[in-house]
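Below is one structure, written out as structure tokens, with a few remarks after it.
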Amino acid sequence: MVKKYTFGKIFETYAVVADIAEDKSLQYFSVTPIGAALKFEYVLDSEDAVYGLGETVGAINKRGEQYISFNTDEVNHTPTTKSLYGSHNFIVVDGKQKFGAFFDTPSKVFFDIDVENSGKIEVTVESGNVRLYIVEGDSAENVVKNFLTIIGQGYVPPLWAFGYGQSRWGYKTESDIRRVVQGYRKAGIPLDYVCMDIDYMDGFADFTVDKRRFPDLKGFAIEMKQSGVRLVPIIDAGVKIKEGYSVYEEGVANDYFCKRADGKPFRVAVWPGTTHFPDFTKEEVRDWFGSQYKALTDCGIEGFWNDMNEPSIFYSEFTEPQTNQQKETAEPNHEQEALSNAYKDYKNFYHDVDGKLVCHYDLHNIYGYFMTMSAGEQLKKLVPNRYFLFSRSSYIGAHRYGGIWTGDNKSTWEHLKMNIRQMPSLNMCGFLFSGADTGGFGGDTTRELLLRWLAFSVFTPLMRNHTAIRTKKQECYAFNGKKDFKNIISLRYRLLPYIYSEYVKAVLKNDMYFKPLSFVYSNDATVKNIEDQLLVGDSIMIAPITDEGATSRKVYLPEDMTEVRYRNGQFECVAKQKGQYIVNVPLNEVVFYIRSGKLVPTCKGADCVERINLEEITLLGDGTTYEQYIDDGATYEINEKNVKILSK
Ligand code: GLC
């Protein structure tokens, strides 16, 4: 079912957890050395679709494009950008031949997929060092299942993390956060967590708290929890260089930081000014950095987001800052960050691998993943119940330790469309707990865009509204007609029994939570090119509105389905036959579809997850039974036995 081939010298990524014997006779691909690099080629059939590649732009079917796996802080990405924050080197060929290929290497990889109608998949591994896994299966869906099986069970966050979260780069004090919570509660819009961006820290130094802004974080966390809201602080990769700062001093004393060629710690500017990068490739450093989260878990914090871990570099001691503003970094300016990422610095520093210096450039793509591993392994010890964690940068394997968000997107309709296409591709690579910055990060959102985006994010496991500094307000209560926002976000809470159950079942069965229609209706030629409708779990199909000003859209039902319209807090169900429809979707409603013979458990909802009664269920759809996964949403053990059969 899975074959493994090793080329060159391997750096262990721990992406694959299954024990797979080495094979010699390479299938499907031919391989040619080009200097140090290796080029793998597969001749495509004209009908083949090519899926996978996780966090990438463009279509779900990757044919015709080039993608480059090289983790990049790309704040200005567009539909043609080649590299984003994560590298997920798994592709699926779906045609007469069906198989998957995972190129497991921390170095740069080029994926040319039928570019300029070459008729080939050409995968170039720059370093020439790679483990290639060939995964078989009788359908694209089963190829993915077999792949998800070998990379190990995915992360399951606490139940509250399936609630709605509000974030903004710019909340500075506890009163800022209190105001957000009050705003949501007063408007009756559900809310489960508020993210704390870099301003909570003392001088942007990890694991510190600015006491003037948060005089009693522990007391504040308790106060927030009483209103059903958790605090989720950010942690950045770079450790601020500052005398008397214990994390910096311990790191230097123990030789825990990435080095220059001469062995001295490498200095690089990020938000805190000058920093050192922890050498996450060393287990001892991972344990040490991860244990620092204790400073915050001791204050009752149970969730974190890890950022700037590609790692993002503004400039270093080897590269000049481009503006005076960056030199000061007192008031970070995000637009300049994009201009200034000093990618050439990836060749200027080193990791200490078993006493030998290895250039960062060659290990680049696993840096964020190993930071997530560092946090995840220690948070499991520090947080009594399930921890919440999501990261910006990632590599396959990180899915076992936390979720990811899709980085700095924009408040545009194009980015909403991109978000929809990214979700199934991410799922193919193991990243089930993911979502985008709902409403968009860069630029000003509009009421219409935010409502439409929320109507999609209702279905994404990570549902967080986040925006950049200096953008217009993006909290739902800041807009006119708050009732409309309440209606849409409430749907998330009413569907929570389904969303949680389908999520955990997918994790347990090594399955995807979001699927393209072509994975399920593989014999229906019509669905082959439909990329703006998705399956969510086993029962639901969605067809979100993604165009400005649109009040209706074309929807294809590949089988008879129940159309469910969520309007004014009520579910209205109508049986529909297979076929094409034009469906009206007013801005304050969500329409979704339940597959024939399937059910969806719904509940009454609440203003936060812990106030939901998951036992009081109403079933929608024309099926007869539903297998509900239900547990306390907190303890670490995820067990197949926690499945209850619900019947209509
Ligand atoms: C990065 C993150 C963004 C965050 C900002 C400030 O751009 O991607 O989410 O708000 O840094 O910390």
Legend entry - All positions within segment 512-537 that are under 21 Å from the mean Cα position of the chain (by Cα), surrounded by fewer than 21 Cβ atoms within 10 Å (Cβ to Cβ) and in contact (Cβ under 8 Å) with a residue 40 or more places away in the chain: 531, 532
Legend entry - Only one of 522, 501 that is of a type in the set (Ser, Thr, Tyr) and farther than 18 Å from residue 593 by Cα: 522
Inset, instruction - Output the residues belonging to segment 387-400 that are in contact with a helix residue (DSSP H, G or I) (Cβ under 8 Å, 6 or more places away or on another chain) and buried (at least 24 other Cβ atoms within 10 Å of the Cβ). - result: 387, 388, 389, 391, 392, 393, 394, 395, 396, 398, 399
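Do we find a residue being outside any helix (DSSP H, G or I), within 21 Å of the chain's Cα centre (by Cα) and touching a residue at least 40 places away in the same chain (Cβ under 8 Å) anywhere in segment 546-553?
Yes, segment 546-553 contains a residue that is outside any helix (DSSP H, G or I), within 21 Å of the chain's Cα centre (by Cα) and touching a residue at least 40 places away in the same chain (Cβ under 8 Å).
Filtering segment 465-478 down to residues that are within 19 Å of the chain's Cα centre (by Cα) and surrounded by 24 or more Cβ atoms within 10 Å (Cβ to Cβ), which residue is nearest to residue 600 (Cα to Cα)?
Pass one, segment 465-478, residues within 19 Å of the chain's Cα centre (by Cα): 465-468.
Now drop any that are not surrounded by 24 or more Cβ atoms within 10 Å (Cβ to Cβ), which leaves 465, 467.
Details: 465: 26, 467: 32 Å.
Out of the qualifying residues, it is 465.
Do you know which of the residues in segment 67-89 that are of a type in the set (A, V, I, L, M) and in contact with a Gly (Cβ under 8 Å, 6 or more places away or on another chain) is surrounded by the most Cβ atoms within 10 Å (Cβ to Cβ)?
84
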Inset, instruction - Among the residues of segment 576-630, write down those that are assigned to a loop (DSSP other than H, G, I, E, B) and acidic (Asp, Glu). - result: 589, 607, 615, 616, 622
Inset, instruction - Need at least 2 residues that are hydrophobic (A, V, I, L, M, F, W, C), buried (at least 19 other Cβ atoms within 10 Å of the Cβ) and in contact (Cβ under 8 Å) with a residue 60 or more places away in the chain per element, so show me which strands (runs of 3 or more DSSP E) inside segment 2-60 make the cut, counting only ones lying wholly within it. - result: 2-7, 37-43, 49-52
Inset, instruction - Kindly state which strands (runs of 3 or more DSSP E) lie completely within segment 458-540 and contain at least 1 residues that are out of contact with any helix residue (DSSP H, G or I) (no Cβ under 6 Å at 6 or more places or on another chain), more than 24 Å from residue 229 (Cα to Cα) and at pLDDT below 95. - result: none
Inset, instruction - Return the only residue of 128, 188, 163 being of a type in the set (Gly, Ala, Ser) and at negative phi. - result: 163
Inset, instruction - State which residue pairs qualify: first residue within 12 Å of residue 235 (Cβ to Cβ) and inside segment 271-298, second residue within 16 Å of the ligand (Cβ to nearest atom) and at pLDDT below 95 in any location, beta carbons under 7 Å apart, and separation of 6 or more residues or different chains. - result: 271/329; 271/332
Inset, instruction - Please specify each residue of segment 303-321 satisfying the condition of being in a loop (DSSP other than H, G, I, E, B), more than 11 Å from the ligand (Cβ to nearest atom), under 23 Å from the mean Cα position of the chain (by Cα) and of a type outside the set (A, V, I, L, M). - result: 311
Inset, instruction - Test each condition in (1) under 30 Å from residue 471 (Cβ atoms); (2) crowded, with 19+ Cβ neighbours inside 10 Å; (3) touching a residue at least 60 places away in the same chain (Cβ under 8 Å) for residue 259 and report the one that comes out false. - result: (1)
Inset, instruction - Looking only at segment 614-629, decide whether some residue is among the charged types (D, E, K, R), surrounded by fewer than 18 Cβ atoms within 10 Å (Cβ to Cβ), over 26 Å from residue 516 (Cβ atoms) and touching a residue at least 40 places away in the same chain (Cβ under 8 Å). - result: no
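The values are calculated or read from the model by the stated rules, or taken from the named source; none is laboratory data. Everything numeric in this text was worked out from a predicted model, so none of it was measured. Here Cβ is always computed from backbone atoms with ideal geometry, including for glycine, and neighbour counts include all displayed protein chains.
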